[in-house]
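These notes are about the structure you will find just below.
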Amino acid sequence: MQFFNFVGGRWTPSASGRTFENRNPADTRELIGHFADSTVADAEQAIAAARGAYDSWRLVPAPKRAEILFRAAQLIADRKEAFARDMTREMGKVLDETRGDVQEAIDMTYFLAGEGRRLHGQTAPSELRDKFAMSIRQPIGVCAMITPWNFPMAIPSWKIIPALVCGNTVVLKPSELTPLSAVHFIKVLEEAGVPPGVVNMVTGGPAVGEALTTHADVSVVSFTGSTAVGRLVNQNAAPHFKKVHLEMGGKNAIMILDDANLELALEGCLWGGFGTTGQRCTAASRVIVHEKIHDRFVEQFVARARALRVGDGLDPQVQVGPSISEKQLQKVMSYVEIGRQEGATVACGGSRLTGPAHANGFFHEPTVFTGVTRSMRIAREEIFGPVVSVVKCASLDEAIAIGNDVVYGLSASIYTQDVNRAFRAMRDMYTGIFYVNAPTIGAEVHLPFGGTKATGNGHREAGLAALDVFSEWKSIYVDFSGKLQRAQIDTE
Ligand code: NAD
C-alpha cells in the first residue's frame, strides 16, 4: 500500500518519486506500507501551503475553528480500535497501550477544542483615567512539528490541536518509523473540515526535519525526540529567532521508602519500567530503594520481571512488545554490556530473544540490574528499552540527591505512607512531573507536560500551557479620554 504527503489539501507523492518502507517491528516480514521519502523541496511546498492558508485561517473565529476540531475528536473516537491495531502493527506496543495512545489524542482534541470558546486574555485597570487595558492571545504563523515514534498519534495531537485552535497553520513531519498513525490523524482532520493548506504533512527523515527548522517562513518549531536531535533543532532554528519548543529525553526515578506499600510499589515499577517496552520518555528506568526493604523488593521485582510475557502486541496475552528497530535493540544490548562492565549485576534478563516466537522481531528480555551506583552510565543515560537499574539508598535525602543527579528532569515518583516525606519529595525533585504512590508514567492531557534541564527548554505541552507555545500575547491600550496621556509621567 502506498501513502502520500498531504500538501495544500491534496495527497501527493514526493517530488523525488522515492518511497521508504515501514515494517512491523514484531515481525519484519509484514510490510505496513510505502511512504513518501520527502525532500527539502517537498518541505518547502508544504511550508508555502501553510503560509498561504494562514491569512484566512487566523481570521476564522476560534469557536468555529473549534467546531471542526470537535468533529475530528469524534471521528478518532469512532475509529479508535482500527487506529490502535494499525499502531501496534507499526510500532509494537501492546494493544491496550495503543488504545491508550489513541484515547490521548481524543482527549487532547476535545480538551483543546473547548479552548475555542475561551482562549482567555486579561483585562486590567489602567493607571490613567478613561483608558482601557487588556491582553489577547494571537496566533504566530506557520508551526513546524517534528515528532517521535513512541506515541505516534498522541504526540502529533498534542502539538497540532493547540496550534490550530489558536489560529496557526501546521506542517507535521512524523517519525519515519510511524508514519501510518500520522496519516490516520491527518485524514481525520481533513474529513472533519480543516481547510486546504491549514494542516500539511511531509513524511521522511532528518533532512525534511532540518528543512522545517531552518526555513524563514516557519515561526514556531515544536519538537519531541532525543536530546541530541533537540539540540540540533535549537541551533538550526536560532538564526531566525524562531520560537522553539523542545520535549526531549528522560532518566526517570521511582523512589521507594522503607514505609512504602511494597505491593503497590512493585506493580508501579513493573508498569513504569517495562510498559511500552521501556520506550517512554517518562519510563521508570531507575528504581531507588531504601536499604531496609531493598532485598525484599529486588527478590519480588526480579521474579515478576522474569514472568512478563514478551511478544507481538496484538496477542492479548503479551505484556511487553518489541523494540522499535534493530538499531534501538542494538542500543539496548550495548547498554546491557556497559552495565556488566561497570560491575552491576544482571539480576534477570540481559539477552535478545531469538526463539521461534521472536525470531523475526526486535525482542529483548525484561532486564533488571542490581548493585547499580549513581555514577554508572546505566544509572545516568537514557536507554529507552526494557532495562531497569536498581540503586540502593539510606534515606529520603539520599534518594532525592540520587534522583536529581542526572542531566534530565522529566518525571519522578515516590512510594511512601508518610505525608511529610511525600511533600518534601514533591518540592525537592527538580522535574516537570511528579507522582505520589504511582509510577512515573500516566500523564493526563489537561495538565502541563514536560521537563526541566536537558529534557526541555522551559515550555510545556498539554494543559493550558500548550497555548503559550502556539500563541503570543498582545497588550492593547484603548485611550478614550480624547487627550494625550503619558504613562508614568502624568501622575494625576
Ligand atoms: P529522534 O530524536 O531520533 O527523532 C525525533 C524526530 O526528529 C524524528 O521525526 C526524526 O526524523 C527527526 N529528526 C532527526 N534528525 C533531525 C534533524 N537533524 N533535524 C530535524 N529533525 C530531525 O527521537 P526518536 O528516536 O524518534 O524518539 C525517542 C526520543 O524521544 C527519546 O529520547 C525520548 O525520551 C524522546 N521523547 C520525549 C518525549 C517528551 O515529551 N519529553 C516524549 C516522547 C519521546
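The values are calculated or read from the model by the stated rules, or taken from the named source; none is laboratory data. Owing to the predicted nature of the structure, the values given are computational and were not obtained by experimental measurement. Note: ideal-geometry Cβ built from the backbone for every residue, glycine included; neighbour counts use all protein chains shown. Side chains are part of the model used for accessible areas, which takes the heavy atoms of the whole protein and leaves out ligands, DNA and RNA. Shrake-Rupley method; radii C 1.70, N 1.55, O 1.52, S 1.80 Å.
Couple of notes before you dig in:
- Only residues that are assigned to a strand (DSSP E or B) and either β-branched (Val, Ile, Thr) or touching a helix residue (DSSP H, G or I) at 6+ places or on another chain (Cβ under 8 Å) (or both) were counted across region 22-80, and they come to 8.
- Note on region 215-224: residues that are open to solvent by 10 Å² or more (accessible area, probe 1.4 Å) and either part of a helix (DSSP H, G or I) or small (Gly, Ala, Ser) (or both) amount to 2.
- Here residue 431 clears all of (1) buried (at least 16 other Cβ atoms within 10 Å of the Cβ); (2) among the hydroxyl-bearing types (Ser, Thr, Tyr); (3) not assigned by TED's automatic domain parsing to the domain that holds residue 271 except the condition numbered (3).
- Residues of region 240-257 that turn out to be farther than 15 Å from residue 410 by Cα and either touching a residue at least 12 places away in the same chain (Cβ under 8 Å) or near the ligand (Cβ under 10 Å from one of its atoms) (or both), as a count: 6
- Residue match in region 122-129 (condition: within 12 Å of the ligand (Cβ to nearest atom) and in contact (Cβ under 8 Å) with a residue 12 or more places away in the chain): no
- Residue count for region 322-369, restricted to those that are within 16 Å of the ligand (Cβ to nearest atom), touching a residue at least 40 places away in the same chain (Cβ under 8 Å) and open to solvent by 20 Å² or more (accessible area, probe 1.4 Å): 5
- Extreme residue, nearest to residue 80 (Cα to Cα), among residues of region 114-153 that are open to solvent by 50 Å² or more (accessible area, probe 1.4 Å) and of a type in the set (Val, Ile, Thr): 136
- Pairs with Cβ under 8 Å, 6+ apart, first in region 78-89 and of a type in the set (A, V, I, L, M), second crowded, with 22+ Cβ neighbours inside 10 Å and part of a helix (DSSP H, G or I): 84/98; 84/101; 84/102; 87/98; 87/101; 87/102; 87/180; 87/181
- Scanning region 185-209 for residues that are in a helix (DSSP H, G or I) and either closer than 19 Å to residue 139 by Cβ or away from the ligand (no atom under 16 Å from the Cβ) (or both) returns 187, 188, 189, 190, 191, 192.
- In the condition set (1) in contact (Cβ under 8 Å) with a residue 12 or more places away in the chain; (2) at positive phi, residue 417 is compliant with all but (2).
- For residue 227, the requirement of being open to solvent by 10 Å² or more (accessible area, probe 1.4 Å), under 22 Å from residue 430 (Cβ atoms) and near the ligand (Cβ under 10 Å from one of its atoms) is met.
- Candidates 232, 212, filtered to the one that is more than 19 Å from residue 55 (Cα to Cα) and either more than 14 Å from the ligand (Cβ to nearest atom) or open to solvent by 10 Å² or more (accessible area, probe 1.4 Å) (or both): 232
- Considering residues of region 258-272 that are buried (at least 19 other Cβ atoms within 10 Å of the Cβ) and among the hydrophobic types (A, V, I, L, M, F, W, C) only, the residue farthest from the ligand (Cβ to nearest atom): 260
- For region 370-377, the condition holds for at least one residue, the condition being that it is within 16 Å of the ligand (Cβ to nearest atom), modelled with pLDDT of 95 or more and assigned by TED's automatic domain parsing to the domain that holds residue 276.
- Complete set of residues in region 370-390 that are assigned to a strand (DSSP E or B) and of a type outside the set (A, V, I, L, M, F, W, C): 370, 371, 389
- Condition check for residue 176: touching a residue at least 24 places away in the same chain (Cβ under 8 Å), within 13 Å of the ligand (Cβ to nearest atom), charged (D, E, K, R) and in a loop (DSSP other than H, G, I, E, B): yes
- Answer from 28, 39 - the residue that is touching a residue at least 60 places away in the same chain (Cβ under 8 Å), β-branched (Val, Ile, Thr) and surrounded by fewer than 17 Cβ atoms within 10 Å (Cβ to Cβ): 28
- The one condition from (1) assigned to a helix (DSSP H, G or I); (2) under 17 Å from the mean Cα position of the chain (by Cα) that residue 266 does not meet is (2).
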